[in-house]
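The values are calculated or read from the model by the stated rules, or taken from the named source; none is laboratory data. Please read all numbers here as calculations on a predicted model, not as lab measurements. A quick note on method: Cβ atoms are made from the backbone with ideal geometry, for glycine too, and the neighbour counts reach across all protein chains shown.
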Amino acid sequence: MSGEPAPINAEANVAAPAAPPPVPRWKVPLYIGASVMFFLTQGLGLNLAFANLTQIQGSIAATTTESVWLSAAYMAPNVSLAIALVKIRLQYGVRNFAEVSILGFVVASLLNLFVSDLHSAIVVRFLSGIAAAPLSTLGFLYMLEAFEPAKKLTIGVSLAMMNTLLAAPITRLVSPSLLDYGEWRGLYTLEMALALLVMPIIYLLPLTPPPRVKVIVFGDIISYLLVAVGFGCLAIVLSVGRLYWWLEVPWLGVLLAVSIATLTLAAVIELRRPTPLIDVRWLLSSEILHLTGILLVFRMIAGEQTSVIMTFYQNAVGLLYDQLAMLYWIILAFSIIGGLICTVLMSYGLSWQIQFVALVMMAAGSFMDAQVTTLTRPEQMYLSQALVAAGAALFLPPSMSAGFKAAFARGAPYLVTFFVVFTFTQSIGGLIGSAFYGTLITIREKFHSAVLTEHVLLTHPVVAQRVSQLSASYGKVIGDSALLKGEGLALLGVQVTREANTLAYSDAFFVAGVIAVVSLAALSLHVFYRFIKARLADDRPQTAASNP
């Protein structure tokens, strides 16, 4: 979930027949800077609690399992709001949309400073999830505003997607100082400060207003509420299911059933409406299913960095954020480098070539990480994580650009359907990736622990020697030989658990690499199929001309 991209919207005037006047050159850096600020404000709000659950749970009197509800409360409303925001902005205007959005976020940020326990924290995080959803929309709009129409879906989209990757590493870099400053309140003092900094941007650097259109009808409200409930329940299940365990508590099954029922009902309603909020038929077309598959694959591979690597050093190795600072600087730097390179390549019309290189880089990085041991330190992962970070920045923009072009080709109403795809694959997809890797690590840790324990026999001379070495440090304070041996066995058990954890993380890295390789093979086959299809199409006119 951490570092995962938030829901976004596209500027309506991209598809308008009459393009607005170009932005003066001196304002271009201002719009790009404003976009970065909006993305950072939204991204830090999302990641600050998620990345520091272990450190802040004491200050709100919560257990590890209870504290994960903070992430669930944030994501439950956040994952579906992009669907509603498209039409809200078109009907009520971008200026009103921006003003209300930023004021709501400032209020939500202020409420974080008054959190005193778990229940108040969950309520405030739920409100923050609602208030933060429009910020990524505004970040995207400001980035598109900086460029002429011909470059909006290439340079603009590429830079916007790069910005979605920056908040996760920055969160880990600033968290130690903020936690020292005031734990929970220290974290969210920064969020409130950023909210106050971006608020004047709405008034000092306005966006070009598209024409207002009355597009919201009563049926849209019913459909959206059903989708919101369905996505919200699914987000909760994916956020907390791994900790409560999937088959252990009945209410997880109830939430999942509610999610399936409401989404199915929404689809049935939309199929019968003459002007649906979501075009289900287009959603199930081969073109959109292919795009959905690509975006889901990206989230699964990117989860190697956003979910696995961060928890590996915290849980298996026991390092803190300040000990990982250089690794996060490298991830941040190569995310920016990859995004800028993608911007240049997309300007030349390259698409699948960029994704091919990105998959190769992410596969190589994942397989390098699969060699981890308990002695692996951040220095050994600088190259692999740089490859994964740059690959992630390269992979997403071409797919997003293709999705926007497909939606714009059919008309503005199809933007809502496209954002259903994007929301599901990025927000829900990020949660799926986190839940998948977390579950995989838990299962493989139990497996490796059982295998290792089978070989820990006191009759084996090496094991007996190791127990003796470990218990020797207690020899001066424990005189009983049986208790002393028990301490040695306990210390050996800790080492076995640590090794099993490390092997489980190695398996997770390996699976990410396998997914990248399979995706690379699928991309190669798809490109080859399109090439053969194009050649056959070119040969038909020539055959017809030679045989009148």
TODO: State the number of residues belonging to region 373-395 that are outside any loop (DSSP other than H, G, I, E, B) and either outside the structural domain of residue 363 (by TED's automatic domain parsing) or surrounded by 18 or more Cβ atoms within 10 Å (Cβ to Cβ) (or both).
DONE: 14
TODO: Scan region 141-151 and give yes if some residue there is closer than 25 Å to residue 118 by Cβ and either in contact with an Asp or Glu (Cβ under 8 Å, 6 or more places away or on another chain) or not charged (D, E, K, R) (or both), otherwise no.
DONE: no
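Quick test for you: out of 335, 366, pick the one residue that is touching a residue at least 24 places away in the same chain (Cβ under 8 Å), over 21 Å from residue 400 (Cα atoms), among the hydroxyl-bearing types (Ser, Thr, Tyr) and surrounded by 22 or more Cβ atoms within 10 Å (Cβ to Cβ).
On the way: 335 fails: over 21 Å from residue 400 (Cα atoms).
Just one listed residue meets the conditions, 366.
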Open item on the list: Filter region 109-127 down to the residues that are at pLDDT 80 or above and closer than 17 Å to residue 196 by Cα and list them by number.
Closed with: 110, 111
- [ ] State whether the residues of region 308-328 include one that is assigned by TED's automatic domain parsing to the domain that holds residue 355, surrounded by fewer than 22 Cβ atoms within 10 Å (Cβ to Cβ), acidic (Asp, Glu) and in a helix (DSSP H, G or I).
- [x] yes
Open item on the list: residue 163 - would you say it is assigned by TED's automatic domain parsing to the domain that holds residue 32, buried (at least 18 other Cβ atoms within 10 Å of the Cβ) and either more than 18 Å from the chain's Cα centre (by Cα) or over 23 Å from residue 50 (Cα atoms) (or both)?
Closed with: no
- [ ] Quick one: residue 175 ticks every box in (1) surrounded by fewer than 17 Cβ atoms within 10 Å (Cβ to Cβ); (2) in contact (Cβ under 8 Å) with a residue 12 or more places away in the chain except a single one, so which number is it?
- [x] (1)
Open item on the list: Looking at the structure I just gave you, is residue 239 closer than 20 Å to residue 46 by Cβ and polar (S, T, N, Q)?
Closed with: yes
- [ ] Quick one: which residue in 327, 320 is over 20 Å from the mean Cα position of the chain (by Cα) and within 20 Å of residue 502 (Cα to Cα)?
- [x] 320
Task: The listed residue being in a helix (DSSP H, G or I), more than 30 Å from residue 401 (Cβ to Cβ) and among the hydrophobic types (A, V, I, L, M, F, W, C), out of 199, 162 - done: 199
Open item on the list: Suppose we filter region 88-129 for residues that are of a type in the set (D, E, K, R) and either surrounded by 23 or more Cβ atoms within 10 Å (Cβ to Cβ) or not assigned by TED's automatic domain parsing to the domain that holds residue 38 (or both); how many remain?
Closed with: 2
Open item on the list: Being within 30 Å of residue 237 (Cβ to Cβ), out of contact with any Phe, Trp or Tyr (no Cβ under 6 Å at 6 or more places or on another chain) and at pLDDT 75 or above is the requirement here; does residue 447 meet it?
Closed with: yes
Open item on the list: Among the residues of region 261-277, are any in contact with a Leu (Cβ under 8 Å, 6 or more places away or on another chain), modelled with pLDDT under 85 and surrounded by fewer than 20 Cβ atoms within 10 Å (Cβ to Cβ)?
Closed with: no
Open item on the list: Here are the criteria: (1) within 26 Å of the chain's Cα centre (by Cα); (2) within 30 Å of residue 529 (Cα to Cα); (3) not hydroxyl-bearing (Ser, Thr, Tyr). Tell me which single one residue 281 does not satisfy.
Closed with: (1)
Open item on the list: Against the definition (in contact (Cβ under 8 Å) with a residue 60 or more places away in the chain and small (Gly, Ala, Ser)), how does residue 193 come out, yes or no?
Closed with: no
Task: Only one of 63, 41 that is under 22 Å from residue 311 (Cα atoms), at pLDDT 75 or above and β-branched (Val, Ile, Thr) - done: 63
- [ ] Could you list all residues from region 236-268 that are of a type outside the set (A, V, I, L, M, F, W, C) and under 23 Å from residue 51 (Cα atoms)?
- [x] 239, 241, 242, 244
- [ ] Name every residue in region 354-382 that is touching a Pro at 6+ places or on another chain (Cβ under 9 Å) and of a type in the set (S, T, N, Q), in order of residue number.
- [x] 355
